[in-house]
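A short worksheet on the structure shown next.
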Amino acid sequence: MDSRKEGLGWMEWLRGWMYLIYEMLFQRIMASHLHNPMPLPPLHDFTFIITGSTSGIGLEIARQLAESGGHVIMAVRNLKAAHELIQKWQTEWSGKGLPLNIEAMELDLLSLDSVVRFAEAYNARSAPLHALINNAGIFSIGEPQKFSKDGYEEHMQVNHLAPALLSVLLFPSLIRGSPSRIINMNSIMHYIGFVDPEDMNVVRGKRKYTSLVGYSSSKLAQVMFSSILNKRLPAEAGINVVCVSPGIVQTNVARDLPKVVQAAYHLIPYFIFNAKEGSRSALFAATDPQVLEYCEVLKADEWPVCAFISQDCRPANPSEEAHNVETSKHVWEKTLEMIGLPFDAVEKLIEGEEVKCKYGSESG
Ligand SMILES: NC(=O)c1ccc[n+]([C@@H]2O[C@H](COP(=O)([O-])OP(=O)(O)OC[C@H]3O[C@@H](n4cnc5c(N)ncnc54)[C@H](OP(=O)(O)O)[C@@H]3O)[C@@H](O)[C@H]2O)c1
């Protein structure tokens, strides 16, 4: 029981960096068995919500799922950009088959009210949801610490808290789509992350805040929360939780890097995936039947962590710290408190009962 740890041990930290460097150097070789783009089965009967699908990896995921026949909902903060993309994709697709079944809905993860409004609007359709892909994320490299209007450190809110709230509130739709999937776009960076559940905002001064600390902690918190969520979901609910790593991918995520570093980043294309390559693990996790079987096996074995799919579409083991069950339970409780949900929210929603959230229409 080391739930009161104040940081990663030296060895864990060093191993984390080694995994990161290894992935950066060898991801292309590890994933050389994969096609690009990833071939997808016909998806006409499936509905997908993809957050942050106006750029980078999310954009590729949305387009490819729609081109395979899926009903795609782009959950985005910039509706204008999404509508322009949809129009462009429809034009490029015309003559190749039925028009793409794709639409956009507004979602700003920096506002928990917006998350509740989105979930209420989608659940009100009484339609099934087969996969929620929590892709949107930020890594504000080199920027000072910032807080959302809800009072939370922005990496923690956008990368972990808001997707956690969205996932739980969409249970009614995910149950309708069962067997369904919650796919969390995670990162190899969670290996160097550490979460102090009593200091999710990194303000107490025990750890000095940097954007790297903010980002890696948020990604580890997501794995920890997902592991407990997976355990609390009864097999009969048919909702499967999977974290994925896209690899190291050239996207707008580097927009905050200094210009010189961005230039260097562009000079090493051999090592870095393009967005299409980076979309493969999430597409695999969202559509391949083997993933559901894998989740079932982990559940039956009472494995302490949720399924984690690596950039090469193979199962991987999350970090040592992610296996810390005591801290994970603490992160679970703290997360529910921060997103304004009661501790029995999952059980109630599975039973078909209503759950009150502190955020949403009344507070907004
Ligand atoms: N690129 C990598 O090497 C890498 C590695 C590991 C993990 N990841 C993860 O992959 C995911 C996608 O990142 P990316 O590399 O594709 O970066 P990206 O090109 O910057 O895309 C991020 C997306 O998230 C959206 N987003 C940001 N803040 C939001 C908010 N408050 N509300 C709603 N949407 C918001 C952005 O919307 P706007 O277009 O409106 O800004 C954008 O569509 C992230 O979770 C990231 O952490 C990336």
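The numbers here are math on the coordinates, done by the rules we state, and not lab data. Predicted model only: the values in this text are computed from it and were never measured. Neighbour counts are summed over all protein chains in view; Cβ atoms, including those assigned to glycine, are modelled from backbone coordinates with ideal geometry.
Based only on other Cβ atoms within 10 Å, what is the fewest-to-most ordering of Y270, Y19, Y359?
Placing the least packed residue first, the sequence is Y270, Y19, Y359.
Counting other beta carbons within 10 Å of each Cβ, put W303, W89, W332 in order, fewest first. If you can, show how the numbers build up before the last one.
On the way: W303 16, W89 19, W332 23.
Ranked by crowding around the Cβ, least crowded first: W303, W89, W332.
Among M185, M24, which comes first, then next, by fewest other beta-carbon atoms within 10 Å? Please report the intermediate quantities before stating the final value.
Numbers: M185 29, M24 15.
Taking fewest neighbouring Cβ atoms as first place, the list is M24, M185.
If the reach is capped at under 29 angstrom between alpha carbons, list the lysines near K80, excluding any in the same chain fewer than eight residues apart.
K88, K96, K146, K149, K219, K259, K276
Tell me the mean residue ellipticity at 222 nm calculated for the chain from its helices only (DSSP H runs of n ≥ 4, each -39500 (n - 2.57), averaged over every residue, nearest 500).
Numbers: 13 runs with 148 residues, N = 364.
That comes out to -12500 deg cm²/dmol.
Provide the percentage of antiparallel DSSP beta bridges, counting only those with both residues in the chain; round to the nearest 5.
Working: 2 of 29 bridges.
Of those bridges, close to 5 percent are antiparallel.
In debye, nearest 20, what is the charge dipole magnitude of the range 119-204 about its Cα centre with +1 on Lys and Arg Cβ and -1 on Asp and Glu Cβ, if you could check?
Values: 6 positive and 8 negative charges, 94 e Å.
Taking the Cα centre of the range 119-204 as origin, the dipole is about 460 debye.
Please report the relative contact order for the chain, taking Cα pairs under 8 Å with a sequence separation of at least 6, and give it as a percent rounded to a whole number. Before the final figure, lay out the partial values.
Details: 690 pairs, mean separation 76.2, N = 364.
Relative contact order, the chain: 21 percent.
What net charge is computed for the residues neighbouring P318, neighbours being all others with C-beta under 13 Å from the C-beta of P318, Lys and Arg scored +1, Asp and Glu -1?
Cβ neighbours under 13 Å give a net charge of -1.
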